[in-house]
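The values are calculated or read from the model by the stated rules, or taken from the named source; none is laboratory data. Every value quoted in this text rests on a predicted model; they were computed, and no experiment measured them. Here Cβ is always computed from backbone atoms with ideal geometry, including for glycine, and neighbour counts include all displayed protein chains.
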C-alpha cells in the first residue's frame, strides 16, 4: 500500500468489507490525505469484530437500512448511510444457451450460493414437492450430514457467463435471504434481475423501494405462499419472461455499480444529503 501511495495520487479509498484495522485506516488517511470509505456488502451480523465502529472512516455505507437506523439512533454514529447492492451489466446480462447448456442448467427451480444451514433446511422442505431443483455452489460439508439436499447441490461454483446461463435456463430463480437480513436485499436479487431471470424472493420491507413487486420480480412472505406462487408461475412461460424483462430494465436503470459509485462520489465530494 505504501508503494502504491507513493506512485499514485489517491483521491478516495473504498474498503469493500470490514477488512481494515483502525490503525490501517489511519495509515491510509495519513498517506493519501484523502477520504476513506467502507462499503459493507452483507448483513451487519457478518461484520466480524466491527472494526468500523472504532475506525476513522469518513463515510460508511450499508446495504441494509436496519443497520443504518440502529447505528445512528442507538449508537449516535452519524457517518453511516444506506447504499443497496447492485448488478454489473458487463457480466449480469443475457447470453445465448447451447443445447448442452440447456441440458446442464435447465430445471424448475435454481439458485446459487454456499450450502448454509438455513438454505439446506429451506430446500429440504421444498424437495417434498417433487420439483427439479439445482443449487450451484459447493457441496455441503461432511459435518452437515445432509444426505438429502446433497443431491441438489451441483458441486460447481459459477461465475460470470456460466452464472448467467444457470439463471436463464431455470424457470424460477429462488432467492432465499439470510434470516439476519432485516430490511435490505442481497446481491443475488440484483444479479438475477440484471441477467434477466425470473425471480421469486423472500419479502423484505426494503423491496418496495428497489423493485416493483409482481411486475419486476415476485416476493413471498412464507412457505405456503411460496408453494402457491411456484405452482402459479411454473406453467406461465410468457408471464415469467415478461416479469424478467421488466426486472432487467429496472436493474440497468437504477441498480448498477455506476449508480452506486456515483452516490458514493456525490456523498464524499459534494456533501450530498
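How many residues does the range 45-58 contain that are touching a residue at least 60 places away in the same chain (Cβ under 8 Å) and under 21 Å from the mean Cα position of the chain (by Cα)?
Within the range 45-58, residues that are touching a residue at least 60 places away in the same chain (Cβ under 8 Å) and under 21 Å from the mean Cα position of the chain (by Cα) number 2.
Could you tell me which of the residues 70, 119 is under 21 Å from residue 210 (Cβ atoms) and part of a helix (DSSP H, G or I)?
Just a single option satisfies the conditions, and that option is 70.
Here is a list of conditions, (1) assigned by TED's automatic domain parsing to the domain that holds residue 222; (2) touching a strand residue (DSSP E or B) at 6+ places or on another chain (Cβ under 6 Å); (3) buried (at least 19 other Cβ atoms within 10 Å of the Cβ), and residue 108 meets all of them except one; can you say which number that is?
The one condition residue 108 does not meet is (3).
Any residue that is within 15 Å of the chain's Cα centre (by Cα), touching a residue at least 12 places away in the same chain (Cβ under 8 Å) and either surrounded by 20 or more Cβ atoms within 10 Å (Cβ to Cβ) or not assigned by TED's automatic domain parsing to the domain that holds residue 106 (or both) - is there at least one of those in the range 164-172?
yes
So which of 81, 61, 19 ends up being at pLDDT below 95 and not in a helix (DSSP H, G or I)?
Sole residue among the options that is at pLDDT below 95 and not in a helix (DSSP H, G or I): 19.
Looking at (1) in contact (Cβ under 8 Å) with a residue 12 or more places away in the chain; (2) not assigned by TED's automatic domain parsing to the domain that holds residue 57, find the lone condition where residue 264 falls short.
It fails just one condition, (2).
Looking only at the range 206-221, count how many residues are touching a residue at least 60 places away in the same chain (Cβ under 8 Å) and surrounded by fewer than 21 Cβ atoms within 10 Å (Cβ to Cβ).
1
Kindly list the number of the only condition in (1) out of contact with any strand residue (DSSP E or B) (no Cβ under 6 Å at 6 or more places or on another chain); (2) closer than 18 Å to residue 66 by Cβ that fails for residue 35.
Against the list (1) out of contact with any strand residue (DSSP E or B) (no Cβ under 6 Å at 6 or more places or on another chain); (2) closer than 18 Å to residue 66 by Cβ, residue 35 comes up short only on (2).
What is the one condition in (1) surrounded by fewer than 17 Cβ atoms within 10 Å (Cβ to Cβ); (2) more than 18 Å from residue 88 (Cα to Cα) that residue 160 does not satisfy?
(2)
Check off (1) out of contact with any strand residue (DSSP E or B) (no Cβ under 9 Å at 6 or more places or on another chain); (2) under 19 Å from residue 42 (Cα atoms); (3) not in a loop (DSSP other than H, G, I, E, B) for residue 165 and give me the number that stays unchecked.
(2)
Filter the helices (runs of 4 or more DSSP H) completely within the range 173-267 down to those with at least 2 residues that are within 23 Å of residue 63 (Cα to Cα).
187-195, 237-254
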